[in-house]
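Everything below concerns the one structure shown next.
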Amino acid sequence: MVRRALGYGLTANVVLLAIVSLLTDVSSEMILPILPFFLTIVLSADFVVLGLVEGLGEGVVSFLKILSGRWSDASGRRRRLVATGYGLSTAMKALFAVATAWPQFLALRVLERAGKGIRDAPRDALLAESAPPEVRGKAFGFHRSMDTTGAIVGPLIALGLLATVGATMAPGDAYRFIMVLAAIPAAVAVALVFLVRETPRAPAPIRPLRLTFHGAPRPLVSFVAIATAFSLGEFSYVFLLLFAGSKAGGIDLAIGLYILFNVVYAAAAFPAGALSDKVGRKPVILLGYVLFAGMALLLANAPLLPAAAVLVPAFVLYGLSYGMTQGTERALVADLAPPDLKATILGAYHASVGLVKIASGVAAGLLWTVVTPEGTGTFWFAFAVAATSAFGLLLWKAPLRS
């Protein structure tokens, strides 16, 4: 067996794209941990609206991932779409602070997520093409680790601002101040995108636009179906934050647990990607599904247990699950997608998983509001879906070592 240096495969493009994601996540994660509190306390949104904002933000714009992947393959150019997506997200983040009602924020949030929809598929294709195939999992894992490192720094900055400058302001004014500052690292990230070098490639033939995986091998289609089913139970982080805030007794502790989640996620993503290069993608993703099911089961039984015995282990399991699944799923899809349709198939994968988030967010909000106000119904639902998806993946016949 050939032994390679730890940095093998981490090309200049891979590192640049990882830094761009790090800075973008610093920006996003300054906002995200205060988002559910801003919506519920300042903009008077209820739990159903909260689920709708996050579900719609993830789901409706997911259609753009199909379009951007198709445009990227058809034009032979990826970087311009990546830059456009990051630029749109940055512009919308700068406007979050002016929202005075939740419908306004919903519109801005959808447009901000549209930027993510535009950039994700061509960026992932560019990332896949910038690393040798034998260490593609490592490249995706490194990217996710850097991305999530930004998700550690961002909440720490928000927490520091709340404890210092924010302590002299009303909560609404403090949240808006943080949102304005969050646009700065995002703007730097947009500038760095233009340093990424793109290898010229021939445009792919323009194909009819279909919401299908036309041209994809059957094992890939069945895997995406399993990943999509799992996504139905993978509710938004905002419900965990609100649950933590109510059970732990404040926004500061909730943000602290969110930082713990991101620390675990960042620490797990890189080794999980590298491990998937050695043992195959399926075992790593399967473990991630099982860990998520364990987290949901723990929170479903939270009323019977002390807060410390529930919240810390739950957020650790949540971080491990994300570290095992997020980058590895993308690497598996990139492995099995035909070369001339790589961005298109990645876009269809993102769309399939993302569109389900609309139902996931609304279901989580309804279960929380109507069935069990303490949130246990939401977590029991998540456990059932995750366990079923894990069983489906266990039965899935992986091609080669995937």
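When you scan segment 295-313, how many residues do you find that are buried (at least 23 other Cβ atoms within 10 Å of the Cβ) and within 17 Å of Ala387 (Cα to Cα)?
Counting residues in segment 295-313 that are buried (at least 23 other Cβ atoms within 10 Å of the Cβ) and within 17 Å of Ala387 (Cα to Cα) gives 3.
How many residues are out of contact with any Gly (no Cβ under 8 Å at 6 or more places or on another chain) and hydroxyl-bearing (Ser, Thr, Tyr) if we restrict to segment 231-256?
So the count comes out to 2.
For segment 63-89, enumerate the residues that are in contact with an Asp or Glu (Cβ under 9 Å, 6 or more places away or on another chain) and among the polar types (S, T, N, Q).
Scanning segment 63-89 gives Ser68, Ser89.
Among the numbered criteria (1) touching a Lys or Arg at 6+ places or on another chain (Cβ under 9 Å); (2) at pLDDT 85 or above, which single criterion is violated by Pro219?
The number of the failed condition is (2).
Restricting the first residue to segment 34-56 and requiring it to be in contact (Cβ under 8 Å) with a residue 24 or more places away in the chain, which pairs with a second residue that is part of a loop (DSSP other than H, G, I, E, B) and crowded, with 21+ Cβ neighbours inside 10 Å meet a Cβ separation below 6 Å and a spacing of at least six or different chains?
Partner pairs satisfying both residue conditions: Leu39/Ala45; Glu54/Ser236.
If you go through segment 290-307, how many residues are assigned to a loop (DSSP other than H, G, I, E, B) and either touching an Asp or Glu at 6+ places or on another chain (Cβ under 9 Å) or more than 11 Å from Phe379 (Cβ to Cβ) (or both)? Even if it seems obvious, please write down each step before you answer.
Start the filter on segment 290-307 by keeping residues that are assigned to a loop (DSSP other than H, G, I, E, B), which leaves 301, 305-306.
Checking the rest, the ones that are also either touching an Asp or Glu at 6+ places or on another chain (Cβ under 9 Å) or more than 11 Å from Phe379 (Cβ to Cβ) (or both) come to 305-306.
Adding up the residues that qualify gives 2.
What tally of residues in segment 257-273 results from selecting those that are buried (at least 19 other Cβ atoms within 10 Å of the Cβ) and out of contact with any Phe, Trp or Tyr (no Cβ under 8 Å at 6 or more places or on another chain)?
So the count comes out to 4.
Please return the ranges of helices (runs of 4 or more DSSP H) entirely within segment 78-192 where 3 or more residues are of a type in the set (A, V, I, L, M) and within 17 Å of the chain's Cα centre (by Cα).
Of the helices (runs of 4 or more DSSP H) lying wholly inside segment 78-192, those with at least 3 residues that are of a type in the set (A, V, I, L, M) and within 17 Å of the chain's Cα centre (by Cα) span 102-129, 136-163.
A quick yes/no check of all residues on (1) more than 17 Å from the chain's Cα centre (by Cα); (2) of a type in the set (A, V, I, L, M, F, W, C):
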| residue | (1), (2) |
| --- | --- |
| Phe243 | yes, yes |
| Gly250 | yes, no |
| Tyr265 | no, no |
| Ser276 | yes, no |
| Pro283 | yes, no |
| Tyr289 | no, no |
| Phe292 | no, yes |
| Leu305 | yes, yes |
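Are any residues in segment 369-402 assigned to a loop (DSSP other than H, G, I, E, B) and surrounded by 18 or more Cβ atoms within 10 Å (Cβ to Cβ), and if so, which ones?
Gly375, Ser402
Residues Leu366, Leu355, Leu346: which one is crowded, with 24+ Cβ neighbours inside 10 Å, touching a residue at least 60 places away in the same chain (Cβ under 8 Å), in a helix (DSSP H, G or I) and not small (Gly, Ala, Ser)?
Testing whether each residue is crowded, with 24+ Cβ neighbours inside 10 Å, touching a residue at least 60 places away in the same chain (Cβ under 8 Å), in a helix (DSSP H, G or I) and not small (Gly, Ala, Ser) leaves just Leu346.
What residue, among those in segment 57-83 that are over 10 Å from Lys116 (Cα atoms) and of a type in the set (A, V, I, L, M, F, W, C), is surrounded by the most Cβ atoms within 10 Å (Cβ to Cβ)?
Among them, the one singled out is Ile66.
The values are calculated or read from the model by the stated rules, or taken from the named source; none is laboratory data. Everything numeric in this text was worked out from a predicted model, so none of it was measured. As a convention, Cβ positions derive from the backbone with ideal geometry for all residues, glycine included, and neighbour counts pool all protein chains shown.
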